[in-house]
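Every read-out reported here was derived from the displayed coordinates using simple, explicitly stated rules and does not represent laboratory data. Remember, predicted model here, so these are calculated numbers, not experimental data. Reconstructed Cβ throughout: ideal geometry from the backbone, glycine too, with neighbour counts over all protein chains shown.
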There are 2 protein chains.
Amino acid sequence: MTNPTEPVTLYVCTACRDAADPADGPRAGARLLEALAAALAARPAAPVRIEAVECLSVCKRPCTVAVAAPGRWTYVYGDLDPQASAEVILDGIGLYAAAPDGLVPWRERPQEFRKGVVARIPPAPGRPVAIPPGAA
Amino acid sequence: MTNPTEPVTLYVCTACRDAADPADGPRAGARLLEALAAALAARPAAPVRIEAVECLSVCKRPCTVAVAAPGRWTYVYGDLDPQASAEVILDGIGLYAAAPDGLVPWRERPQEFRKGVVARIPPAPGRPVAIPPGAA
């Protein structure tokens, strides 16, 4: 059974770069990380832990994030705007955190997640993916 | 510490389809699954467990697989041939299984994995990713 109090992990690729990157400034991925950290600070109850990652190997679709939690599917998303996406990413991850297996109905997913999905990976073997009947 | 006797999981997307799919036959993904099962049967010592997945959400780059194991990075690969890729996938996963954190040096990776990488995700939080000094 997934633990509803256990935070989900939001991996943010800090190596992602885009054409708008200033020559001597931080890359788009680093700017997205900063925007997400600021947005999360304004949501102290959000069950999300941000982790910077040097590279998620989705270099052709910056910016990129991944979200994972024990017992849940892992999702990777790309094509995210380093500034405008922060709030919608946290909105989408809130839905993910509320779904026992991480599977959010398609129609409820933010447009950015529908269009930007790069891959999904099943929960780790041996971990139940659903709350047993009567246990919820 | 990763457990060298614990098999890694090879997820195979059975929904992947390509232009060569027969109209009334199995999809490319299902054919890759069959080819991998046959190739793995010829390697009884390989520490690999194959798991069919309905969709890995990499629909634009068939065929697609993912490989994961506790304490290791997860990798997703696409653009794989449903027949010709089976042996090279198992070769590449053998290298992955032998690497404590799943990180195989770039030059050692099969060409199919170098070109076909779709994404990678860090090991789950709280799980050590390396064997402590002196413990190996």
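Observations, loosely collected:
- Kirkwood Rh (inverse of mean 1/r, distinct Cα pairs), chain B, angstrom: 15.2 Å
- For A:Tyr11, residues with placed amide H under 5 Å, excluding near neighbours: A:Glu51, A:Ala66, A:Val67, A:Ala68
- Innermost chain A residue relative to the axis carrying A onto B, by Cβ distance in angstrom: A:Ala119, 3
- Ascending list, in nanometres, of distances separating the A:Leu103 label from those of the other copies (7 Å, Cα toward Cβ): 3.4
- The phi torsions of segment B:97-108, fed into the Karplus equation with coefficients 6.51, -1.76 and 1.60 and a -60° offset, translate into couplings of 5, 8, 9, x, 9, x, 8, 9, x, 3, 5, 8 Hz, rounded to whole numbers, with Gly and Pro shown as x.
- Once backbone amide H atoms are built at 1.01 Å from N, A:Ala119 has A:Val76 as its partners under 5 Å, excluding neighbours fewer than 5 places away on the same chain.
- Near A:Ala39, once Lys and Arg are set to +1 and Asp and Glu to -1 for all other residues with Cβ below 11 Å from its Cβ, the sum equals -2.
- Chain A: angle of helix A:28-41 to the longest principal axis, Cα-based, in degrees nearest 10: 50 degrees
- Dipole magnitude of segment B:8-121, debye to nearest 20 (Cβ charges: Lys/Arg +1, Asp/Glu -1, about Cα centre): 340 debye
- Exam field: B:Lys60 pseudo-label spacings to other copies (7 Å along Cα-Cβ), nanometres: 0.8
- With contributions of -39500 (n - 2.57) from each DSSP H run of at least four residues, the per-residue ellipticity at 222 nm computed over chain B stands at -7500 deg cm²/dmol.
- Percentage relative contact order, segment B:1-111, counting C-alpha pairs under 8 Å, at least six apart: 31 percent
- Rounded to the nearest whole Hz, the Karplus-based 3J(HN,Hα) values (6.51 cos²θ - 1.76 cosθ + 1.60, θ = phi - 60°) of segment B:60-67 follow the sequence 7, 10, x, 7, 10, 9, 9, 10, with x at glycine and proline.
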